[in-house]
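Working notes, beginning with the structure itself.
The values are calculated or read from the model by the stated rules, or taken from the named source; none is laboratory data. All values reported here derive from a predicted model rather than from experimental measurement. Cβ coordinates were reconstructed from backbone atoms using ideal geometry, including for glycine residues, and neighbour counts include every protein chain displayed. The protein model used for the area step is the full one, side chains on, heavy atoms only, and it has no ligands, DNA or RNA in it. Shrake-Rupley method; radii C 1.70, N 1.55, O 1.52, S 1.80 Å.
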Amino acid sequence: MEVVAYSVPGIHCAHCGSAITAEVSKVPGVERVDVDLEEKVVSVRGAGVSDAEVRGAIAEAGYDVAA
């Protein structure tokens, strides 16, 4: 199992975290999603998780992943 962190500068409240968690949780292989509102980081834990799919799910929730 691996953990990948994504910087998402646009998150700032619990609603942001809930929206991202809901979308990213749908990605195959994702076992856990943690959103740190203070650091503006989304950590995704799972096995065989597609980076492109996670980035797409974050975008679907309405947020951009920093480069």
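Does the range 43-51 include one or more residues that are of a type in the set (Lys, Arg), open to solvent by 70 Å² or more (accessible area, probe 1.4 Å) and in contact with a Lys or Arg (Cβ under 8 Å, 6 or more places away or on another chain)? Yes: the range 43-51 contains one or more residues that are of a type in the set (Lys, Arg), open to solvent by 70 Å² or more (accessible area, probe 1.4 Å) and in contact with a Lys or Arg (Cβ under 8 Å, 6 or more places away or on another chain). Filtered by the rule that a residue be outside any loop (DSSP other than H, G, I, E, B) and surrounded by fewer than 19 Cβ atoms within 10 Å (Cβ to Cβ), the range 7-18 gives SER7, ALA14, HIS15, SER18. Residues of the range 34-64 that are under 11 Å from the mean Cα position of the chain (by Cα), among the small types (Gly, Ala, Ser) and over 17 Å from ALA22 (Cβ atoms): none at all. Set side by side, the residues VAL65, VAL3 differ, and just one is in a loop (DSSP other than H, G, I, E, B), touching a residue at least 40 places away in the same chain (Cβ under 8 Å) and either among the hydrophobic types (A, V, I, L, M, F, W, C) or open to solvent by 50 Å² or more (accessible area, probe 1.4 Å) (or both), which is VAL65. Take ARG55 and tell me if it is among the basic types (Lys, Arg), closer than 16 Å to VAL3 by Cβ and surrounded by 15 or more Cβ atoms within 10 Å (Cβ to Cβ). Criteria met by ARG55. Of all residues in the range 19-37, those that are in a loop (DSSP other than H, G, I, E, B), loosely packed, with under 13 Cβ neighbours inside 10 Å and either touching a Lys or Arg at 6+ places or on another chain (Cβ under 7 Å) or β-branched (Val, Ile, Thr) (or both) total 0.
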